[in-house]
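Below is one structure, written out as C-alpha cells; comments come after it.
The values are calculated or read from the model by the stated rules, or taken from the named source; none is laboratory data. Note that the structure is predicted; figures quoted are calculated from it, not measured. Neighbour counts run over all protein chains shown; Cβ positions are idealised from the backbone, glycine included. The accessibility values were calculated without ligands, DNA or RNA, using every heavy atom of the protein model including side chains. Shrake-Rupley method; radii C 1.70, N 1.55, O 1.52, S 1.80 Å.
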Amino acid sequence: MKKSICLIAAPVLAILFFATGCNEDAKAKVVAKDEPAVAPIVTKADSTPVVTENSQKSSIDTADYNARMKALSNNDSTGKWPVKTPYPLAGALLPYNRIISFYGNLYSKKMGILGEIPKDSMLKKLQGEVAQWQAADPGIHTIPALHYIAITAQGAAGKDGKHRLRMPLSQVDTMLNWAKPIGALVFVDIQVGHSTVKAEVPTLEKYLAIPNVHLGIDPEFSMKGGEVPGSKIGTFSADDINDAIDFLAELVRKNNLPPKVLIVHRFTQGMVTGYTKIKTVPEVQVVMDMDGFGSRILKKGTYLRYIYKEPVQFTGFKLFYKNDNQTDKMYTPKELLQFTPRPSYIQYQ
C-alpha cells in the first residue's frame, strides 16, 4: 500500500506528518457478508451472565450490564459476542454510552476533520453527528469526543532517531478547552514510530489522570523493523497493547478514577498480533477500531475479518468524510447499527 506524506507548517517548525487518510488507496480488500437487521434494545437481562466477576467492587447493576452487552452483540449466535470479561468499575462509559469522535491534529488540514475546518464549524458539525446517532439509537446515550493526535509519526528520524514528534502540550490544553462547553471527552492518540507504547504513554500522564481524557494507540506507525513510518503498515503485539492497559489501570487505581477507554486502531491482520492475550481488566475498556477506508464492501469485510472474528471487548468504526465518499457512499448510523457487534465508538476523519 502506498502512503503519502502531509506537509504541515507549524509555528517555528516545518513538520512532516504521516497522516492516516492522506492517500486515496483503500486499506483493505476483503469480501463482506450480509449482516442481520437491527435488534431491539434489551432492557433487562434474560440470560446467564456474559462477564466474569472481579475481586474489586464494581458497584454496577450487573444484570443491566449483561443486557446492554447482549444488545451490542446484535443477536450474534457464534458465541464470540458478547466477550466474557471482568465487570468494569463504577463510572464506566461502555456499554452505557456510544462515543462519537472527531479525529485530527491542529497543525494539519489533511489529518482529519478536527484540524480541517474552523473550531466553531467543527464543533457544530460534531454535535450534528452526535444528534444523528442519538436519533438512530435512542436506547443508548451518545457522547461527543475530540480525538487529538498528540504524538505523530515522522519521515525524518529526529535528534533521538525515533521517527516521532510529540506535540506541544498546549495543544492538548486547547482540546480540553474546546471539549468543555459541549461536554465532550478528549482522546490523546499516539503514533510511536521507532519508539514504544511504554515510552510514549507516560509523557501524557498528567492528561490521562483527568477523568474525561482517554487514550488511542495506532499500530499502523509502529515500525519494529526500523522502516520509515508510512513506507509499510506497522504492528503492535498483545504485549504492546498490554503496556498501555497496565499503565492506564495503574493510573485509575492510583487516582481513584473511573475506567479509561483505550482505542486500538486496526485494518489488517498484521497490525495486531496475539489478540487472545490482550488483557481485559476492570479499570480499562478496550475498543478495537476498524480504521480502514474505501468502499462499503471493503469496510464491512475488514470489520468482519479483523474486529468481529478476533473479539477483544468493544468495537469501533472509522468514517472518512473524503475517502469513503470518493469510492462509495459513507455508512449512515442506521446502517452501522446493523453490524454485529454494533460499534460503541465512531470516529470521523
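Numbers for the structure displayed
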{"quantity": "Spin-label model distance (nm) - Asn325 vs Asn212, 7 Å beyond Cα toward Cβ", "calculated": "2.8"}
{"quantity": "Among the listed pairs Lys232/Lys318; Lys119/Lys198; Lys84/Lys206; Lys84/Lys309, those beyond 26 Å (Cα-Cα)", "calculated": "Lys119/Lys198; Lys84/Lys206"}
{"quantity": "Using a Förster distance of 35 Å, the FRET efficiency for Ala131-Asp64 (Cβ separation, nearest 0.05)", "calculated": "0.90"}
{"quantity": "Dimensions (Å) - segment 151-289, Cα atoms, principal axes, largest first", "calculated": "39, 35, 25"}
{"quantity": "FRET efficiency, Ile182 to Lys84 (Cβ-Cβ, R0 30 Å, nearest 0.05)", "calculated": "0.30"}
{"quantity": "Lys309 accessible area, 1.4 Å probe, all protein chains in place, Å² to nearest 10", "calculated": "90"}
{"quantity": "Karplus 3J(HN,Hα) series, Hz, for segment 75-81 with 6.51 cos²θ - 1.76 cosθ + 1.60 (x for Gly, Pro)", "calculated": "6, 4, 9, 8, x, 6, 10"}
{"quantity": "Rel. contact order, % - alpha carbon contacts under 8 angstrom, at least six apart, segment 140-238", "calculated": "28"}
{"quantity": "Amide proton proximity set for His147, modelled H, under 5 Å, gap of 5+", "calculated": "Phe102, Tyr103, Gly104, Phe187"}
{"quantity": "Computed over segment 294-346: relative contact order in percent, which uses C-alpha pairs under 8 Å that are six or more apart", "calculated": "47"}
